[in-house]
Amino acid sequence: MPTPSLKQQQKLADLQTADKHHFIHPFTDSKGLAEKGTRVIERAEGVYLWDVMGHKLLDAMAGLWCVNVGYGRQSIVDAVAKQMQQLPFYNSFFQCSHPPAIELAQKIASLAPPHMNNVFFTGSGSESNDTNLRMVRRYWDLKGKPNKKTIISRINAYHGSTVAGASLGGMSGMHEQGDLPIPGVVHIAQPYWYAEGKGLSPEDFGLQAAQALETKIVELGEDNVAAFIAEPFQGAGGVIIPPSTYWPEIKRILAKYDILFILDEVISGFGRTGKWFAADYFDLQPDLISIAKGMTSGYVPMGGVIVSDRVADVIKQDCGEFTHGFTYSGHPVAAAAALENIRIIEQEKLVERVAKDTSPYLQSALQQLAEHPLVGEVRGIGLVAAIELVKDKATHQRFDSNLGVGTFCRDACIKHGLVMRSVGDTMIISPPLTINYAEIDALVAMATQALNDTYQYVQDK
């Protein structure tokens with residue numbers, strides 16, 4: 001990495017001081033960050049970032065799972081600027097609308113599974129899942145089944161950090177802060193074979209994990225269950241990809257019982273799996289799909305819920321006023337960014353490129369890391385993957401959490417010019433859909449260096 005100039009060092013010091021005194025970061029130990037000093041990212045292009053010290057980093061997390069078309073897309077900037085000049089904002093309350101929101105809803109409906117033709121816009125994935133909770137409960141009220149209120153989710157799932165979103169998610173650390181989950185949300189086991197499938201084949205474990213849903217429905221009573229919510233693969237939980245038997249069994253169970261299915265595609269939507277939506281990848285038929293992130297490639301905040309005809313017909317025709325929404329629902333500038341983002345994905349055939357080209361190359365290249373003495377498993381689909389760091393490859397034994405092995409590896413990645421996220425001792429990647437072979441090779445080479453550093457670290461302990 002280049003040696004920073006005195007000017008760059010002073011700039012960083014000034015920014016870190018201001019950050020320390022005025023900026024409360026999300027999901028951050030503020031005291032620890034203040035002692036260490038924040039990393040300040042200044043610019044980006046393609047799949048690369050540069051911090052204020054001039055260090056170049058390959059962003060293998062696409063920001064936060066979201067920059068699908070890569071950084072520096074001038075046409076999105078131009079679309080946003082044009083919309084700001086014409087109509088920077090107007091709401092969609094009070095019987096009003098505007099062209100960008102209408103066009104975007106129509107476009108998303110054309111890309112979604114055929115039975116889903118309506119969109120409710122939000123500002124984020126968290127807001128999308130709050131909307132889901134409100135919408136499914138209202139749906140069942142209108143269907144004359146007001147007791148159907150409980151939503152079943154999964155342990156270690158992530159569905160946002162708002163009160164409803166964090167409750168729907170299954171992360172104990174979040175539940176401990178704020179007396180969560182709220183009433184009416186329950187959780188079943190996750191389909192995490194590598195960590196929890198001891199003694200079972202992946203196929204047998206997948207069936208067992210899926211059947212936990214039926215057990216819970218029967219326990220609660222079908223007349224009390226409103227919906228099941230799940231990610232196609234658990235992203236923030238560690239890129240947990242269910243065994244092949246899991247989703248077919250879930251489909252069987254959902255077909256048997258009269259409950260709604262919410263598929264959280266905030267991470268997986270807009271090409272990540274090599275399909276526009278993971279519902280198509282896994283052959284699922286959800287009633288609602290949560291979207292955000294790749295919808296605008298993160299250039300402007302926006303989210304939404306794609307609503308099936310089954311639910312939309314009731315909400316639009318029988319509900320009267322649906323007393324839910326946000327000031328920025330369908331924001332015209334965000335909608336303009338999303339429309340241009342989708343145009344880029346289509347024009348450059350990024351979905352097809354992921355499916356037929358970069359995903360096979362990335363997944364094959366990452367398997368090289370499976371031979372490393374620290375790596376217990378490498379798994380992935382499309383352009384998302386996880387690398388499990390373990391003490392014992394044969395038994396899947398983890399390191400003592402006090403060692404902070406994943407955190408050390410994450411920091412070692414940065415030292416070598418790579419952004420990779422750690423979830424405990426699981427390293428995860430989700431690069432822009434535009435990544436090419438040379439950049440994938442660089443990613444794997446830098447990951448190897450970081451793994452070697454981490455291996456030396458644990459040997460010294």
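The values are calculated or read from the model by the stated rules, or taken from the named source; none is laboratory data. All values derive from a computational prediction rather than experimental measurement. Here Cβ is always computed from backbone atoms with ideal geometry, including for glycine, and neighbour counts include all displayed protein chains. The accessibility values were calculated without ligands, DNA or RNA, using every heavy atom of the protein model including side chains. Shrake-Rupley method; radii C 1.70, N 1.55, O 1.52, S 1.80 Å.
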Ordering of 122-131, 189-198, 250-259, 93-102 by burial proxy (mean other Cβ atoms within 10 Å per residue, highest first): 122-131, 189-198, 250-259, 93-102
Too-long pairs where the Cα-Cα distance tops 32 Å, listed order kept, from Lys20/Lys349; Lys20/Lys415; Lys356/Lys461; Lys20/Lys107; Lys149/Lys293: Lys20/Lys349; Lys356/Lys461; Lys20/Lys107
Accessible-area value, Ser201, 1.4 Å probe, nucleic acids and ligands omitted, Å²: 40
Candidate lysines - alpha carbon under 29 Å from Lys148, same-chain residues fewer than 8 apart omitted: Lys216, Lys251, Lys256, Lys316
Option label - volume of the Cα convex hull per residue in Å³ computed here, alternatives [x] 137; [y] 155; [z] 168: [y]
MRE, 222 nm, helices only [DSSP H, n ≥ 4, -39500 (n - 2.57), over the chain, to nearest 500]: -12500 deg cm²/dmol
Dipole magnitude of the chain, debye to nearest 20 (Cβ charges: Lys/Arg +1, Asp/Glu -1, about Cα centre): 460
Summed side-chain charge close to Tyr361 - residues other than Tyr361 whose Cβ falls under 12 Å, Lys, Arg +1, Asp, Glu -1: -1
Net charge over other residues, Cβ less than 11 angstrom from the Cβ of Arg43 (K, R count +1; D, E count -1): -2
